[in-house]
Amino acid sequence: MNLFDLTGKVAVVTGSSRGIGRAIAERMAQHGAKVVISSRKQEPCEEVAAALNAKHGAGTAVAIAANISSKDALQALIDKSTQTFGKIDVLVC
């Protein structure tokens, strides 16, 4: 039994373009989750998403930049995440 099976789950990880956030996103993908990579700048998010997709298969990760101090940006993050994956099961901020 795998205690960390996230197959079929969708995780939004803010601050996931580097450091601890990136490590969390990588582990979520390793355990089967679809992952939304988010931080303030799109380019670093895309780099992380591309690395996860290369390692875990196309469609594993998507990059959606958002400044979490902005209510409008947060709403856009949630809207784009659900449009892409249909749901959100896990949120890591």
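Which value, in Å², gives the accessible area per residue of the stretch 9-75 when a 1.4 Å probe is used on the protein heavy atoms? Walk me through the numbers on the way to the answer.
Values: 3590 Å² over 67 residues.
Per residue, the stretch 9-75 has 54 Å² of solvent-accessible surface.
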Surrounding net charge for GLY86, when Lys and Arg each add one and Asp and Glu each subtract one, Cβ distance under 14 Å | +2
Based on DSSP H assignment, which helices of the chain show an axial Cα extent of at least 30 Å together with a mean Kyte-Doolittle hydropathy greater than or equal to 1.0?
-> none
Principal axis dimensions, largest first and in whole angstrom, of the chain by Cα = 40, 23, 22
Pull out the extension gain between ARG27 and SER69, defined as 0.36 nm times the separation in residues minus the alpha carbon to alpha carbon distance; nm, one decimal.
-> 12.6 nm
Which of the peptides 71-83, 49-61 is most tightly packed, and how do the rest follow, judged by the mean count of other Cβ atoms within 10 Å per residue?
-> 49-61, 71-83
Obtain the nm distance between the two label points defined at LEU3 and VAL92 by a simple spin-label model: each point lies 7 Å from its Cα along the Cα-to-C-beta direction.
-> 1.6
Lys/Arg +1, Asp/Glu -1 at C-beta; the stretch 4-86 dipole; positive extreme among ALA51, LEU6, VAL36 | LEU6
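The values are calculated or read from the model by the stated rules, or taken from the named source; none is laboratory data. Predicted model only: the values in this text are computed from it and were never measured. Neighbour counts are summed over all protein chains in view; Cβ atoms, including those assigned to glycine, are modelled from backbone coordinates with ideal geometry. Surface areas here come from the heavy atoms of the whole protein model, side chains and all, with no ligands, DNA or RNA. Shrake-Rupley method; radii C 1.70, N 1.55, O 1.52, S 1.80 Å.
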